[in-house]
Amino acid sequence: MRILITGGAGFLGSHLCENLLNRGHEVICLDNFFTGSKDNIRHLQNNDHFELVRHDIIHHIDIECDQIYNLACPASPVHYQFNPVRTIQANVLGVTHMLELAKRTGARILQASTSEVYGNPSVHPQREDYWGNVNPIGPRSCYDEGKRVAETLMMDYHRKHKVDIRIVRIFNTYGPRMAINDGRVVSNFIVQALRGKKITVYGDGKQTRSFCYMDDLVDGLIRMMQADHLTGPVNLGNPNEFTILELAEKVIKLIGPRSEIIYDPLPQDDPVQRRPDIALAKLRLEWQPKVELEEGLKGTIAYFSERIKDT
Ligand code: NAD
Ligand code: UDP
């Protein structure tokens, strides 16, 4: 198959490109390189089945393809708030362009949605039928509301134009190829500890997240794309929940007990708790994460140790 991956030079996108090439598909990686990097895909560029297109999905594009994975959107709060108007445009204009492409080509399209559609959830753990608790006018809204509109567009193209859609809601995923300056918690803590800097815990560190290793997540994305008669949304994430302080302690234990924690202010609207209910993914995709946090952290630490040596 000819598979288009938007955001293909990013953290998750580059692993997805690699996985699909290994399965014998042709992969077109499309990216505007806002948060993605050529380093993430350099090793794929000699593969005859790999093509790279520099493009921003907020503009129209026409490409022949059989499947589309739409991952193009900055994912870290630091980066999606850098130019919030561009973030919401990627989710409204960009997703519309990808859906128009799917409509014309007949390609199946998967949208990388997010646990952020649940906002600061009042239901715990989060199931797909929970509608969420999102601030429409806060600093996170460009991303949260953008991704919610993207889901709406997906459903409307499906109902109105019979576009073959798949929606996954991804919960905090980490691993090798996150950018050193990504700003999300796992990479921040690891890079800080490796550099002997203080570990920045925001707030009191009692807020929770559930961390999924990238290999598990990519497997879930592909299963969802291949599933029959399932538009979603389907949650994909690791249901083991940790406080941010517990995460900091694990990183310190693995890298070196010399690291100190400092407490910085909690960003506005930072969700207090988050954990996916993955019963639907288990039932319909026969999917559940295999990699425990400590094992995934070791792989990620090994990656950043090498990267930091080079910088
Ligand atoms: P990332 O920032 O590493 O990857 C995003 C990629 O999209 C980058 O390569 C970036 O350059 C590209 N991009 C951004 N805007 C674009 C545009 N307008 N046109 C073309 N390319 C554009 O982040 P990631 O963690 O790999 O996230 C990938 C997708 O998964 C995103 O859509 C994100 O919202 C979603 N997601 C990720 C997580 C997670 O924990 N990693 C959680 C929920 C949702
Ligand atoms: N966080 C932190 N220190 C950091 C980065 C993040 O304590 O250096 C916290 C952040 O406030 C949030 C959690 O870690 O409570 C996860 O943040 P991240 O940006 O990774 O993802 P989010 O789930 O908030 O989108």
Read through the list (1) more than 16 Å from ligand 1 (Cβ to nearest atom); (2) farther than 19 Å from Thr114 by Cβ, then give the number of the only condition that Leu285 fails.
-> (2)
For the range 172-200, enumerate the residues that are closer than 30 Å to Ala227 by Cα and out of contact with any Leu (no Cβ under 7 Å at 6 or more places or on another chain).
-> Asn172, Tyr174, Gly175, Pro176, Arg177, Met178
Are there any pairs, at least 6 apart or on different chains, whose C-beta atoms fall under 7 Å, with the first in the range 126-137 and closer than 22 Å to Pro239 by Cβ and the second surrounded by fewer than 16 Cβ atoms within 10 Å (Cβ to Cβ), and if so, which?
-> Tyr130/Val123; Asn133/Ser122
Please find, within the range 145-179, the residue that is nearest to Asp216 (Cα to Cα) out of those that are of a type in the set (Val, Ile, Thr) and more than 13 Å from ligand 2 (Cβ to nearest atom).
-> Val168
Which of (1) of a type outside the set (Asp, Glu); (2) out of contact with any strand residue (DSSP E or B) (no Cβ under 6 Å at 6 or more places or on another chain); (3) near ligand 1 (Cβ under 10 Å from one of its atoms) does Thr105 not meet, given it meets every other one?
-> (3)
Pick from the range 158-207, criterion touching a Ser or Thr at 6+ places or on another chain (Cβ under 9 Å) and of a type in the set (Phe, Trp, Tyr), ranking: nearest to Asp277 (Cα to Cα) = Phe171
Within the set of pairs 6 or more residues apart or between chains, which connect a residue that is surrounded by fewer than 20 Cβ atoms within 10 Å (Cβ to Cβ) inside the range 31-45 to a residue that is among the small types (Gly, Ala, Ser) with Cβ atoms less than 7 Å apart?
-> Phe33/Ala9; Ser37/Ala9; Ser37/Ala179; Lys38/Ala9
Would you mind telling me which numbered condition in (1) among the basic types (Lys, Arg); (2) free of Cβ contacts under 8 Å to residues at least 40 places away in the same chain; (3) open to solvent by less than 40 Å² (accessible area, probe 1.4 Å) Arg159 fails?
-> (3)
Going through (1) under 21 Å from the mean Cα position of the chain (by Cα); (2) under 30 Å from Ile308 (Cβ atoms); (3) open to solvent by 20 Å² or more (accessible area, probe 1.4 Å) one by one, Gly132 fails only at (2)
Matching residues, the range 166-180, being closer than 27 Å to Arg108 by Cβ, of a type outside the set (D, E, K, R) and either under 9 Å from the mean Cα position of the chain (by Cα) or part of a loop (DSSP other than H, G, I, E, B) (or both) = Ile170, Phe171, Asn172, Thr173, Gly175
Counted residues in the range 1-30 being part of a strand (DSSP E or B) and surrounded by 20 or more Cβ atoms within 10 Å (Cβ to Cβ) come to 8
Among the numbered conditions (1) of a type outside the set (Phe, Trp, Tyr); (2) surrounded by fewer than 16 Cβ atoms within 10 Å (Cβ to Cβ); (3) within 23 Å of Ala227 (Cβ to Cβ), tell me where His59 comes up short.
-> (3)
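The values are calculated or read from the model by the stated rules, or taken from the named source; none is laboratory data. It should be emphasised that the depicted structure is a prediction, and the values quoted were computed from it without experimental measurement. Glycine also receives a Cβ, built like all others from the backbone with ideal geometry; neighbour counts cover every protein chain displayed. Ligands, DNA and RNA are stripped out before the accessible areas are found, and what is left, the full protein with its side chains, is counted by its heavy atoms. Shrake-Rupley method; radii C 1.70, N 1.55, O 1.52, S 1.80 Å.
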